[in-house]
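Undergrad: My questions all concern the structure below.
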Amino acid sequence: MTLNINVSTCEAVLDGVSVRLTPIEWALYEAMWTQGLCSQYMLWCAPNSAAAPTHIKWHIARLRRKLGFDSIVCRRGFGYHLNTDVVDTVKEV
């Protein structure tokens, strides 16, 4: 599985196929990319995240379905982070 994310252009490509993400999913992804390990509260407070605190886990589940289940890791009691072995994130200027 090859997952490439370009944060500047908001493009996600999984195994050569473009993946469409919602604005909330982009906000959650970008928060995990910039901050590393994020609690549900941190994801709720992320810029551009309009997700209700109780809905964060559902948005993460949808994001995992779209990007691959191995792309986001849950550390019970701590929060979520990106699996850097799977995700290749690029920020172009």
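Undergrad: Scan region 4-15 for residues that are closer than 13 Å to ASP88 by Cβ and either modelled with pLDDT of 80 or more or surrounded by fewer than 14 Cβ atoms within 10 Å (Cβ to Cβ) (or both) and report the count.
TA: 8
Undergrad: Sticking with this structure for a sec: Step by step: first the residues of region 26-41, then only those that are surrounded by fewer than 17 Cβ atoms within 10 Å (Cβ to Cβ) and out of contact with any helix residue (DSSP H, G or I) (no Cβ under 6 Å at 6 or more places or on another chain), then the one that is farthest from PHE78 (Cα to Cα). Which residue is that?
TA: Per the criteria, the residue is THR34.
The values are calculated or read from the model by the stated rules, or taken from the named source; none is laboratory data. Since we're looking at a predicted model, the values are computed, not measured. Reconstructed Cβ throughout: ideal geometry from the backbone, glycine too, with neighbour counts over all protein chains shown.
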